[in-house]
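Worksheet for the structure shown next.
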Amino acid sequence: MTIFIDRHPYRYEMERVSQMFFPGDKIQVKEGVPDQQEYIYTGMNQNKIQVAVCISGSLFTREEEISPQDEKNEIERKMAVAVYKLLSPITKIKPKWGILTGIRPVKLLAARRMAGQKPQEIEKHFKETCLVSGEKFALAQRTACLEEKILSRNTPDSFSLYVSIPFCPTRCAYCSFVSHAIEKTQILIPEYVELLCRELEYTGKIARKLGLSLRTIYFGGGTPTALSAEQLKRICGAIRENFSFENLWEYTIEAGRPDTITREKLLAMKEAGVGRISINPQTLNDRVLEIIGRRHTTAQTLDAFYLARQCGFDNINMDLIAGLPGDTLESFQNTIDGVLSLLPENITVHTLTVKRSASLSYNQELVERTGEVEKMVDYSQSKIMNSGYEPYYLYRQKGTIGNLENVGYCRPGKEGVYNVYIMDETHSIFAVGAGAVTKLREPAGEDIQRIANYKFPYEYLGQFDEMLARKDKILEFYDRKGKHLASGKE
Ligand code: SF4
């Protein structure tokens, strides 16, 4: 499908809204008036928005008035609503988040609360002005309550540490991360671990110099437990030596793939002070696991979970995905029920996202499964929330089936706070390792600066010194933006 943009600046948003109605299709964007048989047209003059869709020989049109008081945001919204209202009945697709295409709908809600809007006004805005369904609004509202509490704990001198381990046992079909199957990259790992420890030392010096308080540590990737127990000990030791744990709230390692979890690694993590781990089944259906290339079984997931409990882990997250190839509503429901029976402290339910960098691609079958995936997500939400869990973070991604969401749920007091801080961009995240991106947040303002490390392990190893030098930009940033930090060290 091609969308024509005629005399207005809302190109990006109109493309995003139109894309929701043509999943899997590449939307072409052209300026001007249509010169072909099938198209979406969006145009405006001084007092009107005009939208038209020509599809299978039929033409549908819609017009909306613009008032002289309408600001740019409002005109953009009106145009998006016009596109939505025209395309929804034609395609029989009704996105539950309405015209909201952004990744953080909860942030929009929180911003309105902060601005002092009444609950009824916020509800009206979401449901009537942005066409968000009642159930998604209720979910966003419930998530915002817990998220607000977590965000209120932040202090200007807080920061988090992210450690990237971009290696996995095999590559999952839906994966779009920079992660490398360990069989092919084994040879790089010893040197990677050594340089990672050097980067941790350098980063720790910077944090000390700035007088910042480390609040959360998160090992992701990749699958950090793809490393050996010795390698994990070495990295955790480097963190302990170079950072103060005095003000630490949370220490998470994504154990991720159950087939990488051993007693030795769990004990090494426990000894290092790790309090929270993730054991990610994605599904409890062995046939689906095989289709997506995970190369582990449900029995291994259960064994890893019980082993972690034996080793003293009382804060375990389990990631699941709705919409995996080969999965059915019934099998997904069994997965939800099975995971709930384990009583993990956190459950994170993602909706399958198809990205260009993954080997899984959008196909007609996936498009046709949207309704079923919506039912999976609905089931997960009602079942998990009725089992004593609360949603505490929520985000959306481009390319997700049905434009649905990913939600993290927790038992009371067991929120994974790093997840909220990274999503909200609450405070700076110092990131180390290949593919990691340091995100600096102005302590008392909105400015964000990113410093990217080299993406691939071989680049990280080959150009390490140059990459390390980039870390000095952290000092420069705080020098410019962090004058008011409590420590007064700047
Ligand atoms: S475990 Fe995660 S990071 Fe590793 S290949 Fe699978 S999806 Fe990608």
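The values are calculated or read from the model by the stated rules, or taken from the named source; none is laboratory data. Here the structure is a predicted model, which is why all the values come from computation and not from measurement. Counting neighbours? That spans all protein chains shown, and the Cβs are built from the backbone with ideal geometry, glycine included. The accessibility values were calculated without ligands, DNA or RNA, using every heavy atom of the protein model including side chains. Shrake-Rupley method; radii C 1.70, N 1.55, O 1.52, S 1.80 Å.
In nm², what is the average projected area of the convex hull enclosing the Cα atoms of the range 150-476? Display every interim value, and only then the final one.
Values: hull surface 62.1 nm².
Taking the Cα atoms of the range 150-476, their convex hull projects to 15.5 nm² on average.
Measure nothing but the geometry: give the 0 to 90° angle between the long axis through the Cα atoms of 329-342 and the longest principal axis through the Cα atoms of the chain, rounded to 10°.
For helix 329-342, the angle is close to 30 degrees.
Carbon and sulfur atoms: what percent of the 1.4 Å accessible area of the range 150-476 do they account for?
Details: 6120 of 12450 Å².
Here it works out to 49 percent.
Leaving ligands, DNA and RNA out of it, report the carbon-plus-sulfur percent of the accessible area of the range 2-91 at a 1.4 Å probe. Walk me through the numbers before you get to the answer.
On the way: 2140 of 4730 Å².
Of the solvent-accessible surface of the range 2-91, carbon and sulfur hold 45 percent.
Angle, helix 189-210 long axis vs. longest principal axis of the chain, Cα atoms, 0 to 90°, nearest 10?
80 degrees
At most 16 other Cβ atoms within 10 Å and a DSSP loop assignment: could you name the trypsin sites (Lys or Arg not before Pro) in the range 368-463 that fit?
For trypsin sites (Lys or Arg not before Pro) across the range 368-463 that sit outside H, G, I, E and B with at most 16 neighbouring Cβ atoms in 10 Å, the list reads LYS398, LYS455.
Could you list the trypsin sites (Lys or Arg not before Pro) in the range 71-103 that lie in coil according to DSSP, counting only those with at most 16 other Cβ atoms within 10 Å of their Cβ?
Passing both the DSSP loop test and the Cβ count: LYS92.
One quarter of the convex hull surface, Cα atoms only: what value does that give for the range 2-91 in nm²?
5.3 nm²
Please work out the average accessible area per residue across the range 105-149, using the 1.4 Å probe convention, and give it in Å².
Value for the range 105-149: 54 Å² per residue.
Please give the Cα centre distance for the range 229-251 versus the range 319-398, rounded to the nearest Å.
Here the two parts' Cα centres lie 33 Å apart.
How large are Rg and Dmax for the range 105-149 when calculated on the C-alpha trace, in angstrom?
Rg then Dmax for the range 105-149, in Å: 9.5, 28.
Taking the highest mean first, how do the peptides 328-339, 50-61 order by number of other beta carbon atoms within 10 angstrom per residue?
328-339, 50-61
Considering only DSSP beta bridges where both residues belong to the chain, give the percentage that are antiparallel (nearest 5).
Just about 45 percent of them are antiparallel.
By how many degrees, 0 to 90 and rounded to 10, does the Cα axis of helix 263-272 deviate from the longest principal axis of the chain?
90 degrees
At 1.4 Å probe radius, can you tell me the per residue accessible area of the range 150-476 in Å²?
Accessible surface, normalised per residue, equals 38 Å².
Only sites in a loop by DSSP and with at most 16 other Cβ atoms within 10 Å count here; which GluC sites (Glu not before Pro) in the range 8-100 make the cut? Write down the numbers at each step before the final one.
Details: sites: GLU13, GLU15, GLU31, GLU38, GLU63, GLU64, GLU65, GLU71, GLU74, GLU76; in loops: GLU38, GLU71.
Here the GluC sites (Glu not before Pro) that fit, given the DSSP loop and packing criteria, are GLU38, GLU71.
Positive end of the dipole of the range 203-349, charges at C-beta (+1 Lys, Arg; -1 Asp, Glu), about the Cα centre: which of GLY256, VAL274, TYR306 has its Cα farthest in that direction?
It is VAL274, whose Cα lies furthest towards the positive end.
Within the range 105-149, what whole-number % of the accessible surface is contributed by carbon and sulfur, with the 1.4 Å probe and all protein chains included in the calculation?
Of the solvent-accessible surface of the range 105-149, carbon and sulfur hold 56 percent.
Any cysteines in the chain with zero other Cys Cβ atoms under 4.7 Å from their Cβ? List them, or say none.
CYS54, CYS130, CYS145, CYS168, CYS197, CYS236, CYS311, CYS410
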